[in-house]
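Notes follow the structure.
No value in this document is a laboratory result; all are computed from the given coordinates. Given the structure is predicted, the values throughout are model-derived calculations rather than measurements. We place every Cβ from the backbone using ideal geometry, glycine too, and count neighbours over all the protein chains shown.
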Amino acid sequence: MATRSPRKMAVLKLLSLFSVIRGYNILVITLAQYLASIFILAPDYLTVKDVLLDPYLFMIVTASALAIAGGYIINNFYDAEKDIINKPLKSKIDRLVKQNTQLSVYFLFNFMSIFAASYVSFRSVVFFSLFIFWIWLYSHRLKKVIVVGNMISATLSIIPFFAVFVHYNHFDSAIFLHATFLFLLILLREFVKDLENLTGDLLNDYKTIPVKYGERTSKFIISITTILTLLPSTLLITFYNIGKMEYYFYFAMVMLILFMLYLWKAKDKRGYLLLHNILKFIIVSGVFSILLIDTSLVINRIF
């Protein structure tokens with residue numbers, strides 16, 4: 001039997017670690033933080049160059065990325081058994097890096113996150129220390145608590161954006177509505193993931209809505225949440241000047257209605273995976289739609 005070369009094994013382990021920390025998700029979050037900073041949060045007198053070269057923003061984004069990466073590692077550690085059932089291929093890839101190594105990287109990333117935050121301020125150190133603690137608590141205990149786990153997961157997902165809001169001291173009702181829309185989208189994704197992972201959750205005693213109350217009740221709750229998600233998008237289109245980003249919200253609303261209709265037809269893992277991917281597409285496309293808030297600002301900020 002042919003053995004892999006050390007170089008090939010090193011590459012495979014790097015790819016495995018990238019899979020464990022969901023590197024693609026971290027890249028999207030980092031991009032979203034910078035786009036929001038450039039086109040929404042930064043004062044008008046700052047150029048793109050000013051924002052990109054802001055060392056404090058860079059350290060906040062870096063601390064966020066490292067804390068999130070560590071969070072994925074510890075979450076993967078606690079979910080290892082159920083992922084063998086729910087995500088056999090990904091689980092096989094993730095196991096190329098030993099769990100002891102993953103935990104060492106987890107502590108390293110957390111230390112580096114706090115170190116990056118210390119460049120900004122002591123308050124940032126406290127903020128990210130609490131963020132890291134809540135990620136661990138969620139992974140260790142809270143994610144198995146029905147509904148509470150879903151709510152905390154969605155909340156933790158938007159915390160990195162809150163750090164950027166604080167940096168620019170930019171809070172208004174429009175920002176709140178954008179954050180609410182994103183929170184509800186992520187909460188929807190968490191509910192759909194529970195349907196998608198029903199078998200593994202059932203065998204590993206995870207108290208999710210479909211495990212305890214059944215798929216029909218879960219679909220009803222998802223439908224109610226979908227309707228609630230339409231509310232902030234409607235308010236943003238009706239009462240706020242969001243430029244051409246309104247087309248994104250029209251698109252998102254149509255997609256959410258189609259999502260809800262297909263939800264009641266989906267009956268297996270493949271159908272739930274499609275629903276999950278629809279939500280991911282809405283979230284990721286929303287990141288790039290930030291550019292549409294003011295297209296003239298894109299030119300002005302760049303040039």
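Suppose only helical runs count, i.e. DSSP H with n ≥ 4. What mean residue ellipticity at 222 nm does that imply for the chain under -39500 (n - 2.57) per run, divided by all residues and rounded to the nearest 500 deg cm²/dmol? Mind dumping the intermediate values first?
Working: 16 runs with 242 residues, N = 303.
Mean residue ellipticity, 222 nm, calculated: -26000 deg cm²/dmol.
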May I ask for log10 I(q)/I(0) of the range 1-155 at q = 0.10, 0.14 Å⁻¹, from a Debye sum over the Cα atoms as equal point scatterers with solvent left out?
-0.44, -0.80
Give me the extension gain from residue 44 to residue 158: residue separation times 0.36 nm, minus the current Cα-Cα distance, reported in nm with one decimal.
38.6 nm
Computed E for residue 274/residue 30 - FRET, C-beta separation, R0 22 angstrom, nearest 0.05
0.20
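For the range 172-293, what is the charge dipole size about the Cα centre, in debye to the nearest 20, if Lys and Arg each add +1 at the Cβ and Asp and Glu each add -1 at the Cβ? Could you put the intermediate results ahead of the total?
On the way: 12 positive and 9 negative charges, 68 e Å.
I would put it at about 320 debye.
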In nm, the gap between the two label points placed 7 Å beyond Cα toward Cβ at residue 134 and residue 261 is 3.8 nm
For residue 179 and residue 15, FRET efficiency with R0 = 35 Å and r from the beta-carbon atoms, rounded to 0.05?
0.55
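For the chain, go through all pairs of different Cα atoms, get the mean of 1/r, take its inverse, and jot down that Kirkwood value in Å. Could you put the intermediate results ahead of the total?
Details: mean 1/r = 0.0485 Å⁻¹.
20.6 Å is the Kirkwood radius here.
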Using label points projected 7 Å from each Cα along Cα→Cβ, tell me how many nm separate residue 231 and residue 215, to one decimal.
2.9 nm
Checked against a 18 Å limit on the C-alpha separation, the offending pairs among 98/193; 193/267; 143/193; 87/269 are 98/193
From phi via Karplus (6.51, -1.76, 1.60), per-residue ³J(HN,Hα) for the range 202-211 in Hz, x at Gly/Pro
5, 6, 10, 6, 8, 8, 9, 4, x, 5
As a footprinting exposure proxy, order 166, 48, 254 by other Cβ within 10 Å, with the fewest listed first.
254, 166, 48
Could you state the orientation-averaged shadow area of the convex hull built on the Cα atoms of the range 172-293, in nm² to one decimal?
7.5 nm²
As straight-line cross-link partners of residue 244, the qualifying lysines (C-alpha separation under 30 Å, not fewer than 8 residues apart within one chain) are 49, 280
Students often forget the sequence filter, so: which aspartates and glutamates lie under 16 Å Cα-Cα from residue 90 once same-chain residues fewer than 8 apart are removed?
79, 81, 196
In the chain, helical segments from DSSP H whose Cα atoms cover 24 Å or more along their own axis and that average at least 1.6 on the Kyte-Doolittle scale are 245-263
Expressed in angstrom, Rg and Dmax over the Cα atoms of the range 162-216 are 16.6, 46
Choose one of 197, 226, 242: the residue whose Cα lies farthest towards the positive end of the charge dipole of the range 172-293 (beta-carbon charges +1 Lys, Arg; -1 Asp, Glu; about the Cα centre).
197
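Rank these for me by crowding, 264, 136, going from fewest to most other beta carbons within 10 Å. The partial results should precede the final answer.
On the way: 264 12, 136 18.
With the sparsest Cβ surroundings first, the list reads 264, 136.
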In what order do 192, 145 fall by count of nearby beta-carbon atoms within 10 Å, going from fewest to most?
145, 192
On a C-alpha basis, how far is the centre of the range 35-79 from the centre of the range 178-218 in Å? Whole number, if you could?
28 Å
Hey, with R₀ at 30 Å, roughly what FRET efficiency would residue 77 and residue 287 work out to, going by the Cβ-Cβ distance, to 0.05?
0.60
